[in-house]
1. What is the mean projected area of the alpha carbon convex hull for region 46-265, to one decimal in square nanometres?
2. Hand me the trypsin sites (Lys or Arg not before Pro) from region 189-269 located in a DSSP loop with no more than 12 other Cβ atoms within 10 Å, in residue order please.
3. Region 153-269: percent of C-alpha pairs farther apart than 26 Å?
Amino acid sequence: MDHISNNTRTGSRFIEGLKIQGRVLGALIMREMLMRYGRENIGFLWVALEPMILTSGVMLMWSLMRHEAHGLAVVAFVLSGYMPLTLWRHVSGHAVTCLRQNLPLMYHRQIRLADALIARALLEIAGTTAALIIVYTISRLAGIVPPYQDLGLLLAGWLFMAWFSFAVGLVFAAGAERFEFVEKFIAPFQYLTLPIGGMFFMVAWLPSGLQKLALYVPTVHCFEMFRAGVFGESVETFFDMGYIFKWCLFTTVVGLILVNYARSHIKFE
């Protein structure tokens, strides 16, 4: 009886802790939206509108240049590449200044530096996901992209990209507080890795030797999963969920350790 009672109390404390953590993250997300977009005009709608406008522009530009890529409609191919790329760039890139901007909140016992980073990442993920849904729905109704073939794989690719982007963002945020050059290096790093990241190609299009090299890059697995969900069996895809899961887990652990270590080096803006 005592054992059951102790388990019940432990479960109740765990649930209460989750509720408190949820309220903390909700408050941090609201604070982030107000800090970035203010209370006037369309405000936080820019979270979704910005990636939506950029994606639509890129899709239009590519569709004017060519109509097919390796037998795939170029608009659908660009959508399946640019939206995960936008998720990667927004989540990882916007983590850079998060620590110094939120350090004053650390006097609240329930708030940790990791909470601020999670809240910012959730905001970016929500905005980019909303943009994906809107752009895809409009494109589908217009008949310029095919219906997705496997929602499970599509979501897996999207969520793994979100997780990996968050994990890399932790490393970026910690590194930027420890070394000044890191903040300036992030944007060039994101551009320089574009050719190998998986947006512009599918692994099946590469020679066998390059295929093996491409599959060492974690983001390639995310793009391949996402495209497998969009195009289904009409394309050949290569991905390993276990491989990207290990990368995400390892990078998250390293990032959290670095964030904790960087706390003493944070300078107020």
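1. Values: hull surface 51.2 nm².
Mean orientational projected area (region 46-265, Cα hull): 12.8 nm².
2. On the way: sites: LYS212, ARG227, LYS246, ARG263, LYS267; in loops: LYS267.
Filter output for region 189-269: LYS267.
3. Working: 1890 of 6786 pairs.
The proportion of pairs with Cα distances above 26 Å equals 28 percent.
None of the figures in this text is laboratory data; all of them are computed from the coordinates on show. Since this is a predicted model, take the numbers as computed values, not measurements. Glycine gets a Cβ as well: all are built from the backbone with ideal geometry, and neighbour counts include every protein chain shown.
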